[in-house]
Amino acid sequence: MSLSKKVKVFRSVSEIGRESIDSISNDGFFTFEWFRTLETQQSFNIAPIYIGVFEDGNLEALAPCFIDLQDHFFIDGPKIMPFLKLFLTLGQKLGYCQEHVLLCYSPFCLRSKVLLKKDPDGKQLLYLLSKMMDNVCKEKRILFSSFLFVSEFDELLMKSLPNLGYQRNAGTSTFYLDVQWKSFEEYLKSLKNMNRHSIRREIRKCAQNGVTIKDNDFKTLSEKMAGLTGNLLSKYNPSSNNIFDPKFFSVLNQCAANKTKTFVAEKNGDIVGFSLSMRQGDVLDVFMCGFDYQVQSSTDFTYFNLCYYAPIQWSIEQGIKKLYYRRKSDRAKLYRGCKKERTFAFVKCHDPVLGFCFNKALNSSVYAQLKSRFLELSPTKET
C-alpha cells in the first residue's frame with residue numbers, strides 16, 4: 001500500500017474544490033454543485049462527512065457520506081431488525097450511540113457509490129475509505145453505516161464490501177435508458193410497433209390539448225416549482241411534507257444551474273407542469289416533476305411528454321449516453337425502453353460485540369423466518 005496516500009475528512013465540499021470532485025464524477029448527484037446546494041439550502045437539515053484519499057495532493061477517491069438526519073435508511077433501507085430505530089433512539093438517550101445511521105450515498109439519489117480516478121487501484125482506495133468510515137463512526141458513536149443503494153453493476157462495491165464487514169441485503173430497483181440513437185425517430189423505431197404508435201399518439205394529443213413543452217431556465221420559477229412539487233406529493237402521499245420549498249429551488253439555481261435541465265409544460269400561457277434533471281457529462285438523471293392537476297386532463301399526457309419524450313429527445317441531441325429514472329411505475333418505464341437496475345443495501349454494525357451477534361442473526365434461518373413474519377404483519381410495509 002502506497003505510503004504517499006493520505007485519507008482526509010471534510011465537512012464541506014468547498015474544502016475539497018469543484019475541479020477535484022467534478023473531474024472524477026460521472027453523476028449529477030455526485031458533483032460539487034449538488035453537494036454545495038445541499039450544504040447551502042436551509043429547507044432541511046443536512047450533515048455531510050466527505051472522506052477523500054489523496055496522493056501528492058491530488059484527489060484519488062471520494063466517499064460522500066451523510067449522517068442520516070432524514071431517516072432515509074429506515075424509509076428506503078432494508079428492514080433488517082424490528083424496532084431498530086427505537087433501539088437507536090434509546091441508545092442515544094443512554095449515551096451509548098447516535099440515533100442516526102451514516103450513509104454513503106448522495107441524498108435524494110437512489111445510488112451509493114465512491115468516486116474514483118480512472119484506472120486506480122479501486123480495492124486499495126475503497127479499503128482506505130472504509131477504514132476512515134469506521135473511525136468516523138467510532139468517534140461520533142454511530143452504531144451502523146450503510147451503502148444504501150449499490151448498483152448490481154458496481155463490481156467493486158458488490159465484491160469488496162462483504163470483505164469489509166458489510167452485510168448484503170436486497171434493495172430497491174431503479175431504471176435506466178441507454179441512449180444509442182441518432183434521432184428521436186430512430187429511438188421510436190427501436191420500440192415495439194404498438195408502443196411506438198402509442199407514444200406518437202401521446203405526443204400528438206399533448207399538442208392538441210394546447211400543452212406545449214419547452215426548455216426553461218428556472219431562475220424565476222422557484223415559487224411555481226415548489227407549488228407544483230407539492231401538488232404531486234399531496235396526490236400520492238397526503239401525509240408527507242414538501243421539503244422542496246421555494247428557497248430550495250432558489251439555492252439549487254444559484255449553486256447548480258449548470259448541472260440542471262428543466263422542461264416546463266405551458267397551457268394558455270400558464271406553467272402547468274415541469275420536470276427537472278441533473279446532468280454530469282453524458283449522464284442525465286430525471287430527478288423530479290410537478291403538475292397543476294386542476295388544469296390537466298388524463299388525455300393530454302403531460303407527464304409522459306415532460307418526463308420521457310422531451311428529456312430523451314434532448315439527450316439524443318446533446319450526446320447524453322445514459323438516462324436514470326427512479327423506481328416504481330415499472331410498466332411505464334419498460335414500455336418506453338428502460339431497463340431495470342437492481343440495487344442492494346450493505347449494512348455494517350460498528351460495535352464489535354453487537355456486530356458479531358448482528359451478523360450471526362442476519363445469516364440465521366430463524367432470523368429469516370422471524371423477519372418475514374414481521375414484515376407480513378407490519379402496517380408500514382411497502383406494496
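The values are calculated or read from the model by the stated rules, or taken from the named source; none is laboratory data. Quick caveat: nothing in here was measured; it's all calculated off a predicted structure. No Cβ is skipped: glycine too gets one built from the backbone with ideal geometry, and neighbour counts run over all protein chains shown.
Observations, loosely collected:
- Single residue of 193, 163 found to be among the polar types (S, T, N, Q) and over 30 Å from residue 357 (Cβ atoms): 193
- Tabulated pairs, the range 295-310, first under 17 Å from residue 268 (Cβ atoms), second part of a loop (DSSP other than H, G, I, E, B), C-beta under 6 angstrom, 6+ apart or interchain: 300/209; 302/296
- Boolean, residue 193 is surrounded by 16 or more Cβ atoms within 10 Å (Cβ to Cβ), without any contact (Cβ under 8 Å) to a residue 24 or more places away in the chain and not small (Gly, Ala, Ser): no
- Matching residues in the range 231-240 - criterion: being of a type in the set (Gly, Ala, Ser) and under 17 Å from residue 306 (Cα atoms): none
- Apart from one condition, residue 41 fits all of (1) among the polar types (S, T, N, Q); (2) surrounded by fewer than 18 Cβ atoms within 10 Å (Cβ to Cβ); (3) touching a Phe, Trp or Tyr at 6+ places or on another chain (Cβ under 6 Å); the exception is (2).
- Restricting the first member to the range 87-109 and to residues that are within 19 Å of residue 327 (Cβ to Cβ), and the second to residues that are among the charged types (D, E, K, R) and crowded, with 16+ Cβ neighbours inside 10 Å, the beta-carbon pairs closer than 6 Å and six or more apart or on different chains are 103/68.
- Odd one out for residue 147, checked against (1) touching a Gly at 6+ places or on another chain (Cβ under 7 Å); (2) not in a helix (DSSP H, G or I): (1)
- Residue in the range 78-93 that is of a type in the set (Gly, Ala, Ser), part of a loop (DSSP other than H, G, I, E, B) and on the phi < 0 side of the Ramachandran plot present: no
- Residue in the range 160-179 that is farthest from residue 346 (Cα to Cα), counting only those that are polar (S, T, N, Q) and in contact (Cβ under 8 Å) with a residue 60 or more places away in the chain: 174
- For the range 115-141, filtering for residues that are part of a loop (DSSP other than H, G, I, E, B) and either at positive phi or of a type in the set (S, T, N, Q) (or both) leaves 2.
- Counted residues, the range 325-360 - those being aromatic (Phe, Trp, Tyr) and either closer than 30 Å to residue 91 by Cβ or in the same structural domain as residue 141 (by TED's automatic domain parsing) (or both): 4
- Matching residues in the range 79-103 - criterion: being surrounded by fewer than 21 Cβ atoms within 10 Å (Cβ to Cβ) and not hydrophobic (A, V, I, L, M, F, W, C): 79, 82, 85, 89, 91, 92, 93, 95, 96, 98, 99
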